[in-house]
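The values are calculated or read from the model by the stated rules, or taken from the named source; none is laboratory data. Keep in mind it's a predicted model, so treat the numbers as computed, not measured. Cβ: placed from backbone, ideal geometry, glycine included. Neighbour counts: every protein chain shown. Keep in mind that these areas ignore ligands, DNA and RNA; they rest on the heavy atoms of the full protein, side chains included. Shrake-Rupley method; radii C 1.70, N 1.55, O 1.52, S 1.80 Å.
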Amino acid sequence: MIFWTKWGVRIAEYFFDEQATPVRADVVHYRQWSSPVAGFVCTPFYTRSIDLHQPPDEIFRAMETDNRKSIRRSERSDALTYCYADRDDPALLREVADLHDKFATLKGLPRTDRARLWAFWRAHSLDISLIRDGHGNPLVWRISYCDAHRARNLHNGSLHRALSDSAQKNLVGRAHRYGVWRNILRFKEAGLKTYDFGGWYMGTTDIDKLKINLFKKEFGGYIEKSFNCVGAGTLLGKQIL
């Protein structure tokens, strides 16, 4: 359970059918629950996941051919550096949060919720990874929620929209794929059971979301259905919702 406060509102978030320890919160979220929670407003949530019980070579073979070629090219010749955050040193979290705010501004999206990220960090449930180019410049990043069994992508991005050079944009595309692959290997080595891409668009009209689906599909895996549920724990929570 992650407990955090924003503008005086106490928020509790539970993930993946974990034991729901009671806590006095104004707003309570159940994220990716296997079935709807009674008394809460619940909506279906779909995601694409990879089974990490498989050997690495089987996971790799299940990927689409062009994706495998892209990853191998990055390993051979792109001079990329893969970084991830030491839980005792939050410097990478600060860097990636700043980068993601720039990315969000370019795309017209909300900035990162720092209070929420720091709550995840303090609970030792946040994973940060970053790919740098051969000169040390940041290219792509991923922010994930992790428990003992599953890594679930929360945010990812790059500053490719600010680039004009096509070769650099292609490098960023390869770096995205290389970063996912390195995360998969690291989470598997850590004993996690599932890599969760953090969503799957079930519609047919949003072109941007369909492109994101195609990226995720390149890695193989399967589609899961769960439920996101929200409810109030206090009168203030009822007023907010």
Complete set of residues in the range 192-241 that are in contact with a strand residue (DSSP E or B) (Cβ under 8 Å, 6 or more places away or on another chain), more than 22 Å from ASP127 (Cβ to Cβ) and of a type in the set (D, E, K, R): LYS217, LYS225, LYS238
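Looking only at residues that are among the charged types (D, E, K, R) and open to solvent by less than 30 Å² (accessible area, probe 1.4 Å) in the range 186-219, which one is nearest to the chain's Cα centre (by Cα)? Let's see the steps before the verdict.
At the first step, the residues of the range 186-219 found to be among the charged types (D, E, K, R) are 186, 188-189, 193, 196, 206, 208-209, 211, 216-218.
From what's left, open to solvent by less than 30 Å² (accessible area, probe 1.4 Å): 196, 216.
On the way: ASP196: 8, LYS216: 12 Å.
The residue in question is ASP196.
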Go through ARG87, ARG94 for me and flag whichever is within 28 Å of GLU18 (Cα to Cα) and more than 15 Å from the chain's Cα centre (by Cα). ARG87
Positions within the range 144-177 being open to solvent by 10 Å² or more (accessible area, probe 1.4 Å), within 16 Å of SER74 (Cα to Cα) and touching a Leu at 6+ places or on another chain (Cβ under 6 Å), in sequence order: LYS169
Sort out for me the strands (runs of 3 or more DSSP E) sitting completely within the range 1-48 that have 1 or more residues that are in contact with a Leu (Cβ under 8 Å, 6 or more places away or on another chain) and either open to solvent by less than 40 Å² (accessible area, probe 1.4 Å) or modelled with pLDDT of 95 or more (or both). 9-15, 27-33
Pairs with Cβ under 6 Å, 6+ apart, first in the range 215-241 and among the small types (Gly, Ala, Ser), second assigned to a helix (DSSP H, G or I): ALA232/LYS238
Filtered residue count, the range 116-138, keeping only those that are in contact (Cβ under 8 Å) with a residue 40 or more places away in the chain, more than 21 Å from LEU185 (Cα to Cα) and open to solvent by less than 40 Å² (accessible area, probe 1.4 Å): 3
